[in-house]
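Inspection log for the structure reproduced underneath, given as C-alpha cells.
The values are calculated or read from the model by the stated rules, or taken from the named source; none is laboratory data. Quantities reported herein were computed from a predicted structural model and do not represent experimental measurements. Glycine gets a Cβ as well: all are built from the backbone with ideal geometry, and neighbour counts include every protein chain shown. The accessibility values were calculated without ligands, DNA or RNA, using every heavy atom of the protein model including side chains. Shrake-Rupley method; radii C 1.70, N 1.55, O 1.52, S 1.80 Å.
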Amino acid sequence: MAAAVSASKSGARVGIVDESPSLGGQIWRGENSAASHSSDASSWLNQVKTAGVTALYGKRVFHQPEPGILLAEGPDDVCELGYRTLVLATGARERFLPFPGWTLPNVTGAGGLQALVKSGLPIRGKRVVVAGSGPLLLAVADYLRKHGAEIPLICEQAPWGRLVRFGLALLGQPGKIAQSLRIKKDIAGVPFVAGSWPLVAHGKNVLEAVTISRGGKPELIQCDYLACGFHLVPNVELPVLIGCQTRSGYVQVDDLQQTTVKGIFCAGEPTGIGGVDLALIEGQIAGLAVTGQASEAKVLFRKREKLRRFAHVLDEAFCLRSELRSPPTSDTLVCRCEDVPYSHLREHTCWLSAKLHTRCGMRPCQGRICGPATQFLFKWNPDSVRPPVFPVRVENLAVIPASQQSIPAVTGGLQ
Ligand SMILES: Cc1cc2nc3c(=O)[nH]c(=O)nc-3n(C[C@H](O)[C@H](O)[C@H](O)COP(=O)(O)OP(=O)(O)OC[C@H]3O[C@@H](n4cnc5c(N)ncnc54)[C@H](O)[C@@H]3O)c2cc1C
C-alpha cells in the first residue's frame with residue numbers, strides 16, 4: 001500500500017495484486033467498517049483508494065514465466081500480469097515448532113487464532129493459553145481478551161534477561177514505548193511468564209490441556225485453545241523464484257530497496273522482521289525509487305535506519321533457545337501435510353534428502369511450516385524454490401511452459 005501510494009505520485013501506472021480479498025495486509029485486512037480502523041489504517045486505506053491505483057484482490061502470484069510477466073491465480077481464473085518494475089512485499093508468516101500434541105484441533109498459530117476470530121470464530125468465554133515467542137503474543141492476547149476470551153497465561157520462551165535488554169533498547173524509540181505501554185495496560189492482570197514454552201498438548205479428539213515448562217518444571221494448564229507461534233519467518237519464496245538473492249534468510253536490498261535483480265524492489269518483512277512501521281517506510285522508499293523519485297526516497301533513510309535497529313533488537317531478543325529442540329518425541333509429526341514423524345527425519349542429513357525419502361514439505365504448504373521447523377531442529381537449509389510457489393489448479397499449470405515445470409512442484413500442485 002505504501003509503495004503503491006508513493007509510486008502513484010510520479011504519475012506512473014500502478015497496480016496492486018494481493019491474494020487477500022481486501023486491502024490492508026496482515027494487520028488491517030478484514031477491517032471492513034471505518035469504525036474498526038485505527039487512524040493509521042484509515043489514512044493508508046484512503047490514500048490507496050484516492051491514488052488511482054488498479055487493485056486486483058484475491059489473486060495469488062505463483063510464477064514468473066519470464067522477466068516482466070507474472071502469473072496469478074484467482075478463485076475462478078488465472079491471469080498474466082505484465083510489469084516494467086516490481087515491488088515485492090510478500091510479508092511474513094508465523095514460525096511453528098513441533099511438540100507432542102501440536103496437531104490436535106484447537107492448537108493454532110497465535111496470529112492464526114486472531115485471524116480466525118476476525119473471520120467470526122466465537123471466542124467469548126474460552127480459555128486460551130498464548131505461547132511461543134515475540135511481541136505478537138501480547139497483541140494476540142490483548143485482541144482475544146477484548147473479544148471475551150479468558151487468558152490463563154502468556155508463555156514467552158525468551159528469558160527475562162533478554163526481555164529486559166529489549167525493553168532498554170526501546171528507550172530510543174518513543175513510538176514503540178508508547179505502543180508497549182498501551183498493550184501492557186490493556187493486558188494488565190493477564191499472567192505473563194518468560195522462559196516458558198509448551199511441552200505437550202493433551203486431549204483425546206480436541207485440545208483439553210497443555211503442559212508447559214515453567215522455571216524448568218512442567219506445569220499442567222486446562223484450556224480450550226493453545227495459540228502458539230514462535231515469532232515470524234519472512235515469505236521469501238516469490239523473491240527467490242524471481243532470482244533475488246538472500247542473506248541470513250532475508251531478501252538482500254540496496255539503499256533504495258532494490259534487490260539483486262535490476263528493476264525488482266522489495267519492502268517489508270521479507271527484508272527483515274521489523275513490524276508495520278518499518279514495512280511502511282520501506283514501502284514508501286521502494287515506491288519512490290521505482291518511479292525515479294530517488295531524492296524524495298533519500299529523505300526517509302534516517303527514519304528507516306532507526307526502525308532497522310529495532311528489527312535487529314527484535315531478532316536478538318526473540319531468538320529461539322536450544323531447549324526448544326527437545327520437546328518432539330519420535331512419533332511427533334513434523335511435516336503435518338505428509339504425516340512425517342520426527343524419527344523419520346532425524347535419519348537424514350539435509351532437507352533435500354529428507355524431502356526425497358519422506359516427502360517432507362511436498363504437499364500443500366510446500367515446506368512453509370516444516371521448512372523453518374527443520375531449519376531450527378536439524379539446522380538444514382531449504383533448497384531452491386520451484387514454480388509454482390503455491391499449489392495451483394491443474395488447468396492453470398498449462399500456462400507454465402513445459403520446460404519450467406518441475407516434477408515435485410507439479411506433484412504438490414496436483415494433490
Ligand atoms: C499471522 C500474523 C498476525 C500478525 N498480527 C499482527 C498484529 O496484530 N499487530 C501487529 O502490529 N503486527 C502483526 N503482525 C506483524 C505484521 O503483519 C507485520 O509487521 C506487517 O503487516 C508487515 O507488513 P508487510 O507489508 O511486510 O506484510 P503484510 O502486511 O503481511 O502484507 C503482505 C501481503 O502480501 C500478500 N501476498 C503474499 N504473497 C503473495 C503472493 N504470492 N501473491 C499475492 N499476494 C501475496 C499477502 O496477502 C499480504 O496481504 C502479524 C503477522 C502475522 C504473520
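Here are a few things to note about the model shown:
- Enumeration of residues in the stretch 59-77 that are in a strand (DSSP E or B) and open to solvent by 50 Å² or more (accessible area, probe 1.4 Å): R60, E66
- Matching option when the condition is out of contact with any His (no Cβ under 7 Å at 6 or more places or on another chain), open to solvent by 10 Å² or more (accessible area, probe 1.4 Å) and under 19 Å from L121 (Cα atoms), among G172, G161, G167, G148: G148
- V17 falls short on exactly one of the conditions (1) of a type outside the set (D, E); (2) part of a loop (DSSP other than H, G, I, E, B); (3) in contact with a Leu (Cβ under 6 Å, 6 or more places away or on another chain), and that condition is (2).
- Any hit, the stretch 64-84, residues being under 30 Å from V128 (Cβ atoms) and within 15 Å of the ligand (Cβ to nearest atom): no
- Scan of the stretch 256-292 for residues that are of a type in the set (D, E, K, R) and either open to solvent by less than 20 Å² (accessible area, probe 1.4 Å) or part of a helix (DSSP H, G or I) (or both), ordered by number: E269, D277, E282
- Lone qualifier among L300, L288, L278 - being touching a Lys or Arg at 6+ places or on another chain (Cβ under 8 Å) and either within 11 Å of the ligand (Cβ to nearest atom) or free of Cβ contacts under 8 Å to residues at least 60 places away in the same chain (or both): L278
- Of all residues in the stretch 254-274, those that are without any contact (Cβ under 8 Å) to a residue 60 or more places away in the chain have Cβ atoms under 6 Å from Cβ atoms of residues that are within 16 Å of the ligand (Cβ to nearest atom) and of a type in the set (S, T, Y), 6 or more apart or on another chain, in T271/Y250; G272/Y250.
- Of the helices (runs of 4 or more DSSP H) lying entirely inside the stretch 320-415, those containing at least 3 residues that are within 16 Å of the ligand (Cβ to nearest atom) and at pLDDT below 90 span 407-414.
- Tally of residues being basic (K, R) and closer than 16 Å to F376 by Cα across the stretch 335-354: 1
Okay, residues lined up against (1) away from the ligand (no atom under 16 Å from the Cβ); (2) part of a loop (DSSP other than H, G, I, E, B); (3) at negative phi:
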{"position": "R145", "(1), (2), (3)": "no, no, yes"}
{"position": "A158", "(1), (2), (3)": "yes, yes, yes"}
{"position": "L170", "(1), (2), (3)": "no, no, yes"}
{"position": "L199", "(1), (2), (3)": "yes, no, yes"}
{"position": "V210", "(1), (2), (3)": "yes, no, yes"}
{"position": "C228", "(1), (2), (3)": "no, no, yes"}
{"position": "V233", "(1), (2), (3)": "no, no, yes"}
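- Meets criteria (touching a Leu at 6+ places or on another chain (Cβ under 9 Å), at pLDDT 95 or above, within 10 Å of the ligand (Cβ to nearest atom) and aliphatic (A, V, I, L, M)) for L104: no
- Condition check for V129: at pLDDT 95 or above, over 19 Å from the mean Cα position of the chain (by Cα) and assigned to a strand (DSSP E or B): yes
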